[in-house]
Amino acid sequence: MEPWYEGRAADPTAARQRYRSGTRAERRALREALRADPATAHLGLGVVLLVALAVGVFVSPVAGAAVAGAFAALFVAAGTVVFLRGHRGTAVLRRAHVFTFGWAQWL
């Protein structure tokens, strides 16, 4: 156990509240930094399709299918996890789509 920086007279409740408040603020900032939207995910899907097509034309059709298949497998896995977490209907597709292709916000 680490000693409190306030010394032995520190209020444990206040210290716990400061810790929780700081943790909430850090998590909120991380969520904002990693947030993606469906429009960005559509861009990511387009990039994947173009790359898979280019790889299929310039390298081999099998390699292009492997690129597309890898993202399809990731989409199915993400959809399965979202479904198991209790979401249903189009929410599963939307969340899996944003998870799989939302990285395009960093392009």
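Observations on the structure shown:
- Filter result for residue 9 (modelled with pLDDT of 80 or more, in a loop (DSSP other than H, G, I, E, B) and either touching a helix residue (DSSP H, G or I) at 6+ places or on another chain (Cβ under 9 Å) or open to solvent by 80 Å² or more (accessible area, probe 1.4 Å) (or both)): no
- Residue pairs whose Cβ atoms lie under 7 Å apart, separated by 6 or more positions or on different chains, with the first residue in region 48-69 and under 20 Å from residue 104 (Cβ atoms) and touching a residue at least 60 places away in the same chain (Cβ under 8 Å) and the second open to solvent by less than 70 Å² (accessible area, probe 1.4 Å) and of a type outside the set (A, V, I, L, M, F, W, C), do not occur.
- Restricting 80, 40, 23 to residues that are in contact (Cβ under 8 Å) with a residue 12 or more places away in the chain, surrounded by 10 or more Cβ atoms within 10 Å (Cβ to Cβ) and of a type in the set (S, T, N, Q) narrows the list to 40.
- Matching residues in region 20-60 - criterion: being outside any helix (DSSP H, G or I) and either closer than 19 Å to residue 78 by Cβ or aromatic (Phe, Trp, Tyr) (or both): 35, 36, 37
- Candidate set from region 52-71 (those that are open to solvent by 50 Å² or more (accessible area, probe 1.4 Å) and of a type outside the set (Phe, Trp, Tyr)); member that is nearest to residue 97 (Cα to Cα): 70
- Test: residue 92 is assigned to a helix (DSSP H, G or I) and surrounded by 15 or more Cβ atoms within 10 Å (Cβ to Cβ): yes
- Single unsatisfied condition, residue 82 versus (1) within 13 Å of the chain's Cα centre (by Cα); (2) modelled with pLDDT under 95; (3) in a helix (DSSP H, G or I): (2)
The values are calculated or read from the model by the stated rules, or taken from the named source; none is laboratory data. Since we're looking at a predicted model, the values are computed, not measured. All Cβ positions, even for glycine, are placed from backbone atoms using ideal geometry, and neighbour counts span all protein chains on display. We work out accessible area using only protein heavy atoms, side chains counted, and drop any ligands, DNA or RNA first. Shrake-Rupley method; radii C 1.70, N 1.55, O 1.52, S 1.80 Å.
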